[in-house]
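**Student:** The structure follows.
The values are calculated or read from the model by the stated rules, or taken from the named source; none is laboratory data. Nothing here was measured: the structure is a model prediction, and the numbers come from that model. With ideal geometry, Cβ positions are generated from the backbone for all residues, glycine too; neighbour counts draw on all protein chains shown.
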Ligand code: PSU
Ligand code: MN
């Protein structure tokens, strides 16, 4: 943990203690709570995801900004508060962090901002649903999520179910390759497409076990000391896969509406996620919750293995 005395940051005591002992702490983001789902599903899902991290053997630390302070490991009450505030909270990516702290706002952290906060706290493993990426039509709009640049520059391993096909998946993969981000397929070499386990594209490597994931994280961060992140992609379990055709149609419809309404900037991703959820009815949201929970169990296991490696005296 670096010297944080100059930072408006509060680390929950049990998280601080775990970090001092190389404990298996797993960071969780909060934009999914405020901008990804509706109340009370968002709160229930966030609490269940924390429980899944514990089931895997990890210690969950949900990260957000509350009244201008970075909180590492928010309480149940704070999760409920953020869930109720929803879109009144500022969706914070890298560029928004300083302003959010100075203006003492409530902010939810995206993948990019959660990585930054996790790094300050010394957390190496972070679980989310899906990352932001290169949007379709980016050659016109230049809409590329700051998550990708963050993965290229911040030493945190992000565990997710790939990317939604609201994004341009091949361009997202090219961008990550340029940034030097390993894309580790968890027990597969197929890059997952969020609701669907195979996007038709390949990861950069296939990793056989939780232990091997932890070894790669340790090698890259603690031995090679490379400053960039790692992406670990876990396919949605087969029994929770959504109907690929149905999702594809919903995405096309959502993208059409998005363009017609002229939505741009940070509103784009939340709009598309919301419309895909609405158009597919219960189906995509059920699959969404199942895959995040599966990522959380996996993240807990990987963090546990990493904790064992880090605790060995060598
Ligand atoms: N993709 C998803 N679910 C999400 C997000 C992305 O499938 O909840 C959220 C994450 O917090 C991610 C953010 O970091 O959206 C990306 O937003 P943008 O594209 O504006 O960078
Ligand atoms: Mn964007």
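**Student:** Do we find that residue 87 is in contact (Cβ under 8 Å) with a residue 60 or more places away in the chain, surrounded by fewer than 22 Cβ atoms within 10 Å (Cβ to Cβ) and in contact with a strand residue (DSSP E or B) (Cβ under 7 Å, 6 or more places away or on another chain) in this structure?
**Tutor:** Values: in contact (Cβ under 8 Å) with a residue 60 or more places away in the chain: yes; surrounded by fewer than 22 Cβ atoms within 10 Å (Cβ to Cβ): yes; in contact with a strand residue (DSSP E or B) (Cβ under 7 Å, 6 or more places away or on another chain): no.
Considered against the rule, which asks whether it is in contact (Cβ under 8 Å) with a residue 60 or more places away in the chain, surrounded by fewer than 22 Cβ atoms within 10 Å (Cβ to Cβ) and in contact with a strand residue (DSSP E or B) (Cβ under 7 Å, 6 or more places away or on another chain), residue 87 comes out as no.
**Student:** Using the structure shown, decide if residue 269 is touching a residue at least 60 places away in the same chain (Cβ under 8 Å), over 20 Å from residue 128 (Cα atoms) and within 16 Å of ligand 2 (Cβ to nearest atom).
**Tutor:** Details: touching a residue at least 60 places away in the same chain (Cβ under 8 Å): yes; over 20 Å from residue 128 (Cα atoms): no; within 16 Å of ligand 2 (Cβ to nearest atom): yes.
For residue 269, the condition - touching a residue at least 60 places away in the same chain (Cβ under 8 Å), over 20 Å from residue 128 (Cα atoms) and within 16 Å of ligand 2 (Cβ to nearest atom) - is not met.
**Student:** Looking for whichever is surrounded by fewer than 18 Cβ atoms within 10 Å (Cβ to Cβ), outside any strand (DSSP E or B) and either within 16 Å of ligand 2 (Cβ to nearest atom) or on the phi < 0 side of the Ramachandran plot (or both) here; the options are 150, 212. Which one fits? Working first, answer last.
**Tutor:** Values: 150 fails: surrounded by fewer than 18 Cβ atoms within 10 Å (Cβ to Cβ).
Testing whether each residue is surrounded by fewer than 18 Cβ atoms within 10 Å (Cβ to Cβ), outside any strand (DSSP E or B) and either within 16 Å of ligand 2 (Cβ to nearest atom) or on the phi < 0 side of the Ramachandran plot (or both) leaves just 212.
Residue-by-condition table, conditions (1) more than 13 Å from ligand 1 (Cβ to nearest atom); (2) over 17 Å from residue 115 (Cα atoms); (3) surrounded by fewer than 18 Cβ atoms within 10 Å (Cβ to Cβ); (4) over 16 Å from the mean Cα position of the chain (by Cα):
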residue: 10; (1), (2), (3), (4): yes, no, yes, yes
residue: 18; (1), (2), (3), (4): yes, yes, no, yes
residue: 26; (1), (2), (3), (4): yes, no, no, no
residue: 29; (1), (2), (3), (4): no, no, no, no
residue: 39; (1), (2), (3), (4): yes, yes, yes, yes
residue: 49; (1), (2), (3), (4): no, yes, no, no
residue: 77; (1), (2), (3), (4): yes, yes, yes, yes
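**Student:** So, of the residues in region 285-303 that are surrounded by fewer than 23 Cβ atoms within 10 Å (Cβ to Cβ) and within 24 Å of residue 89 (Cβ to Cβ), which turns out to be farthest from ligand 2 (Cβ to nearest atom)?
**Tutor:** Among residues in region 285-303 that are surrounded by fewer than 23 Cβ atoms within 10 Å (Cβ to Cβ) and within 24 Å of residue 89 (Cβ to Cβ), the one farthest from ligand 2 (Cβ to nearest atom) is 293.
**Student:** How many of the residues making up region 233-292 are closer than 20 Å to residue 138 by Cα and not in a helix (DSSP H, G or I)?
**Tutor:** The number of residues fulfilling the criteria is 3.
**Student:** Would you say residue 202 is surrounded by fewer than 16 Cβ atoms within 10 Å (Cβ to Cβ), at pLDDT 95 or above and closer than 26 Å to residue 112 by Cβ?
**Tutor:** Numbers: surrounded by fewer than 16 Cβ atoms within 10 Å (Cβ to Cβ): yes; at pLDDT 95 or above: yes; closer than 26 Å to residue 112 by Cβ: yes.
Answer is yes for this residue.
**Student:** May I ask you to verify whether residue 173 is closer than 27 Å to residue 306 by Cα, more than 16 Å from ligand 2 (Cβ to nearest atom) and surrounded by 17 or more Cβ atoms within 10 Å (Cβ to Cβ)? Full working, then the answer.
**Tutor:** Details: closer than 27 Å to residue 306 by Cα: yes; more than 16 Å from ligand 2 (Cβ to nearest atom): yes; surrounded by 17 or more Cβ atoms within 10 Å (Cβ to Cβ): yes.
When the stated conditions are applied, residue 173 passes them.
**Student:** Tell me which residues, restricted to region 280-309, are modelled with pLDDT under 95 and more than 15 Å from residue 241 (Cβ to Cβ).
**Tutor:** Residue satisfying the conditions is 281 alone.
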